[in-house]
Amino acid sequence: GVPTNRRLALRARHFNGKLYLRLTETGLDRKLSARPHLWDGDEWEIMLGRKQFGEPYLQILADCAGKKQFLLQIPQADGKDKPEGRHTGNIEVSSEEKNNVWTLDVTVPLSEIPGKGDVLYGNFFRSSNGAELAQCWNPTFEKQFPNRKAFGKIILEK
């Protein structure tokens, strides 16, 4: 990818049927930007499903102002995914920018993630006005973020 000075961290925990995510960027060297269209500003994208291929997955978008959108992506016969519209579950998002650190906390009830089982597949992206500047957990090697081949395996341990 493009060289970056970003220092990103992701922490995850599950407890009582919920997945808790804390995504942070430290050492910010500029003011974060929230735009009317989520993809045009500073935001995180989180994609979570129970299978890497063949089943729907949940796409969570959240920007630095705490604006959020939840989409249910449905696989199509042509191999692409199509949003079925906004998902209106009990997902919570909070955002804080303080002392050159941006912290985004996301709480996802596991029941909101399509499918069954203790294994998840997904990816996490930190972007800001352009796919070429995005950083992600598992590289997609393309400008399209929802690439299921790049979904990593997440095992929920008890």
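The values are calculated or read from the model by the stated rules, or taken from the named source; none is laboratory data. Everything quoted here is computed from the prediction, not taken from an experiment. All Cβ positions, glycine included, derive from the backbone under ideal geometry; neighbour counts span all protein chains shown. Accessible surface is based on the protein model in full, side chains and every heavy atom, while ligands, DNA and RNA are left aside. Shrake-Rupley method; radii C 1.70, N 1.55, O 1.52, S 1.80 Å.
A few comments on the model shown:
- When every residue of segment 52-60 is checked against the conditions, at least one turns out to be more than 11 Å from the chain's Cα centre (by Cα) and acidic (Asp, Glu).
- Residue 126 surrounded by 11 or more Cβ atoms within 10 Å (Cβ to Cβ), at pLDDT 85 or above and basic (Lys, Arg): yes
- Among the residues of segment 36-51, the ones that are more than 13 Å from the chain's Cα centre (by Cα) and open to solvent by less than 20 Å² (accessible area, probe 1.4 Å) come to 1 in all.
- Residue list for segment 67-114, restricted to those being surrounded by 12 or more Cβ atoms within 10 Å (Cβ to Cβ), at pLDDT 90 or above and not in a strand (DSSP E or B): 91, 110, 112, 113, 114
- Every residue from segment 21-51 that is assigned to a strand (DSSP E or B) and more than 14 Å from residue 62 (Cβ to Cβ): 26, 49
- Pairs where the first residue, in segment 35-46, is without any contact (Cβ under 8 Å) to a residue 60 or more places away in the chain and the second is in a strand (DSSP E or B), C-beta under 7 Å, 6+ apart: 38/61; 38/63; 38/69
- Residue in segment 129-149 that is at pLDDT 90 or above and open to solvent by 30 Å² or more (accessible area, probe 1.4 Å) present: no
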